[in-house]
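What follows is a single structure, written as structure tokens, with notes after it.
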Amino acid sequence: MLRQGRKEALREGLEEAGAAAARGMDGRSIGLRLGKSSDSATTPGGRAPQSSENLMDISSIALRAVPGAFILNAGIGKLKLDKESAAGMQGMAATGVPAVKQLSPEQFGKSLAWGEIALGSALLTPFVSNRVAGVALGTFASGMLSMYFRNDSMTQQDGVRPTQDGTPLAKDAWLAAIAVALIGLGKKSSRRNK
């Protein structure tokens, strides 16, 4: 049922984007309406009013959907983490965030799983602002990157370039870049609304 609802929302969003393109809207204003029916008010030119309350820009969708789905899926996969796997992840996480040593492996595994589920959901939820989603993603990415930079086996002699073991964590620099972009988009839209 949930999957069917997502399919319907995606289909409606795509139909609206197609209709917007047919009306001659430029690429920056094509987006998804949130909580508005198809017969809601339009401007005299036939365009939907542009505001942060009812539109999510294509750039926001692109920046939020991929990492959001990936992180949400990772969190769901960690819900059934066994004690040994959780302890291994906790040991790795403790190199970047020493405070996690205070948790039991079971507590750490559940906290990590639910944290990733919450972050992935926030990124995929249109009414969560870009700025809030960006700050949350940036916090997550900084934790991942701190593990990368504080663990000598992850980087080559220069301390920056990844070793083969470090490559999976080094990729999280992209998450940090996406977070900065989302925060920047949030500031831009708040200036536009003044």
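The values are calculated or read from the model by the stated rules, or taken from the named source; none is laboratory data. As the structure is a computational prediction, the values presented were derived from the model and not from experiment. Neighbour counts are summed over all protein chains in view; Cβ atoms, including those assigned to glycine, are modelled from backbone coordinates with ideal geometry.
Looking at (1) over 22 Å from Gly138 (Cα atoms); (2) loosely packed, with under 15 Cβ neighbours inside 10 Å; (3) out of contact with any Lys or Arg (no Cβ under 8 Å at 6 or more places or on another chain); (4) modelled with pLDDT of 50 or more, can you tell me which one Ser38 breaks?
Single failed check for Ser38: (4).
Has segment 175-190 got any residue that is within 24 Å of Ala87 (Cα to Cα) and touching a residue at least 40 places away in the same chain (Cβ under 8 Å)?
No; the residues of segment 175-190 include none that is within 24 Å of Ala87 (Cα to Cα) and touching a residue at least 40 places away in the same chain (Cβ under 8 Å).
Looking at Gly31, is it surrounded by 13 or more Cβ atoms within 10 Å (Cβ to Cβ), at pLDDT below 85, under 25 Å from Val180 (Cβ atoms) and in contact with a Leu (Cβ under 6 Å, 6 or more places away or on another chain)? It would help to see each step written out before you state the result.
On the way: surrounded by 13 or more Cβ atoms within 10 Å (Cβ to Cβ): yes; at pLDDT below 85: yes; under 25 Å from Val180 (Cβ atoms): yes; in contact with a Leu (Cβ under 6 Å, 6 or more places away or on another chain): yes.
Spelling it out, Gly31 is indeed surrounded by 13 or more Cβ atoms within 10 Å (Cβ to Cβ), at pLDDT below 85, under 25 Å from Val180 (Cβ atoms) and in contact with a Leu (Cβ under 6 Å, 6 or more places away or on another chain).
Matching residues to (1) crowded, with 16+ Cβ neighbours inside 10 Å; (2) of a type in the set (Lys, Arg); (3) without any contact (Cβ under 8 Å) to a residue 40 or more places away in the chain; (4) out of contact with any Ser or Thr (no Cβ under 7 Å at 6 or more places or on another chain):
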residue	(1), (2), (3), (4)
Ser121	no, no, no, yes
Ala141	yes, no, yes, yes
Met144	yes, no, no, yes
Arg150	no, yes, no, no
Pro162	yes, no, yes, no
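Suppose we filter Asp152, Asp165, Asp172, Asp158 for residues that are within 13 Å of the chain's Cα centre (by Cα) and modelled with pLDDT under 90; which single one remains?
Asp172
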